[in-house]
1. With a cut-off of at most 13 other beta carbons within 10 Å, and DSSP calling the residue loop, which GluC sites (Glu not before Pro) in the range 430-534 qualify? Please list them.
2. Please compare each pair in 289/313; 161/377; 373/521; 445/473 to a cut-off of 27 Å on the Cα-Cα distance and tell me which ones are over it.
3. Lysine pairs in the range 1-102 8 or more apart or on different chains: how many have alpha carbons under 16 angstrom apart?
4. How many Å² of accessible area per residue for the range 442-516, probe 1.4 Å?
5. Working with all protein chains in place, sort 107, 375 by solvent-accessible area computed with a 1.4 Å probe, largest first.
6. Straight distance only, please: which lysines reach the Cα of residue 137 with their own Cα at less than 18 Å, same-chain residues fewer than 8 apart left out?
7. Net charge near residue 277, counting Lys/Arg +1 and Asp/Glu -1 over other residues with Cβ under 12 Å of its Cβ?
8. What dipole magnitude, in Debye to the nearest 20, does the range 14-169 give about its Cα centre under +1 on Lys/Arg Cβ and -1 on Asp/Glu Cβ?
Amino acid sequence: MNKKFSILYVDDEESNLRIFKNTFRREYDVYTVTNAKDGIEILKKEDIDIILSDQRMPEMTGVEFFKHTLEAHPQLNRILITGFTDFNALQSAINDAKIFQYIQKPWQEGDLRTIIEKALRVYKLEQENKELTVELKEKNKSLVKINKELKSSNEKLIVAKNKAEESDRLKSVFFANISHEIRTPMNGIIGFTKILNEQDLSDEQRQEFGDIIIRSSEQLMHIIDDIMEVSHLATSNVKLNLGEVDLNRFLDDLIAVYENESNDKVSIQLINELSEKDGNIMSDALKLKKILNNLIDNALKYTSEGYVKVSCKKNNSNIEFCIEDSGIGINPEMQHVIFDRFRQEEESSTRQFGGLGLGLSIVKENVTLLSGKIWVKSEKGKGSTFTFTIPYAPAGETTIITDKGISNESSSSVKNKHTILIVEDEVINSLYLETLLEDMDVNLKILNAENGQEAVDCCRENVDIDLVLMDIKMPIMNGIEATQEIRKFRKNLPIVAQTAYTTNEDREKAKQAGCDDFITKPIEVNILSDLIARYLVVVKE
C-alpha cells in the first residue's frame, strides 16, 4: 500500500483541531498542535508533507510560523486559514511566507479538501521532478564520464591503429628493401661465377671477376650479419664479452682499413686525444667495433665528397667518440626516428642509397648495452655528427656493467670470497636461499638476520658484507625501514629487495628506500644467479 501523506495543522482553538482531525484522519496522518512552537518541534521529528496554520495565534502568527519554516522545509506547501479579512497578512503570507493558498473560516469541508488535494498533488509532482532532476544529473555525469572514456579509448585505438599501420608499412618497405639488397650481391655472385666457367677468359679477367664475387659475398654477409644482430638484440639476452682494449691501436687499425678503401673525393681522418694510459680500457671490442663500423659506413655512404672525421677523447668519466661527415645531412623531423628499426630518411623504391634501415638501431642498442648514450646533430645539406659515449673503465680493474652503468674495482681488491647477508624471518625461505647459493659453485660466505633491526646491526658490525638479500615484510623492523637505516652508513652496499609483493608501487617503494634491485618470490635459481653475477665478481670454488 502507498504511504499516507502527513499533515500538520496548527491552531490555538482545540475545537478546530478536533474537527479537522476527525474530518481527515482516514485519508491522512494528521498531526495537530495549539501553537507554532510545538509545530516547529513536530517538523523536526516527523516526515510532514503539508502544513496548515491559523493566522491569528498568540506568541507567533501563522505567517510568522510559515516564514520560520521556510529555510528548513522549503519544499512543503503551506495553507493559511484565517477568520479575518486581513489583506496585509495575506500579502505578507503570499510574498514572504510563500503560501500555496489561503482559506477563510469557517471552512467548508469540500473546499478545504480540494485545496489540500491540489497542494499535495503539486507537492508530489515537485518531489518527483526533483528526484528525476537528480537522477538525470547523475546519468548525465555518467554519460559525460563514459563519453570521456570512449574518447580516450578512441584516441588510444587511433594511436594503436596508426602504429600498427606504420609498423606494417615499415615492414613492407623493409622486405622490399631486403629483397633488393640480397638480390644485388647475389646477382654479382651468380652472374660472375657463371662467366668464370667460360674457358676463353684472360687471367686479368678471371682475377677481376673473382674480386667482384668476393666483394659481393662480403656485402651479402654484412646484410645477413645485420639481420642476425637485430634478431639477437631483440631477445634481450645479449651478454657482453669484456676484456682489455688498447683504444689507440684499435682506432689506428680500424681507420687504416677505411683509408685503404677510400676514394680521392672523400678523406677519412682520425683525431685521437687519448693518452697511452687513458687508451687502455675494459670493454667489449666486438661491440665497439660494430658501433664504429656502422657509423663510419653510414658517413661514407652519404658523403659523395669532402671528409669523414673520427675523433675520440676522455670526457670526465666517459670516453667520447664523434663521427662527423660533410655529407647530405638529415632533415630535423627525421632525426628522432633514425635510430628506430627499419627506419631510413629515404624510404621510397626510387631511393638513391641502399641499406635495410638496421644499422643505426644496431648502433643504439649496442651503445646502450655498453651503458652509453648516443645522439646526432645534423643540418640538411651540411653534414651530420654522431656522438656516443661509454663509461671510462680503466684496464687492470674489475669491471661490472649494470643498469646503473659500469662500476670498477681495483684488481688487487677482488675478493676470493664474498659475504652475502640473507634477511628473512621465515626459516624455510632462508634455508631455500642458502641452498640455491651453495649450489652455484661459487665461493660465498652466508650470514643470516631474522628481522630488519638485526640486518642493520649486522651491516654496521660486518664491513665485509658485499650483498644484502632483504625481505620486505618482517617483524620489529621491515625491509624498507632497514634499507633506509643501512643507507645512512653503507651508501654503496648492494641491497636487493626480495618479496612476494609484485606491484609497480611496491617496486617504487623499494627503489626509493635505497634498494638496488627487486626479485619476486618464489625466487628462481637463474634470476638469483644473474643477480650474483651482476653485483659481485664471484670466484669459482
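The values are calculated or read from the model by the stated rules, or taken from the named source; none is laboratory data. Quantities reported herein were computed from a predicted structural model and do not represent experimental measurements. Cβ atoms come from the backbone with ideal geometry, glycine included; neighbour counts cover every protein chain shown. Areas reflect the complete protein model, heavy atoms only, side chains present, ligands, DNA and RNA absent. Shrake-Rupley method; radii C 1.70, N 1.55, O 1.52, S 1.80 Å.
1. 524
2. 161/377; 373/521
3. Here the count comes out as 5.
4. Value for the range 442-516: 52 Å² per residue.
5. 375, 107
6. Straight-distance partners of residue 137: 145, 148.
7. -2
8. 500 debye
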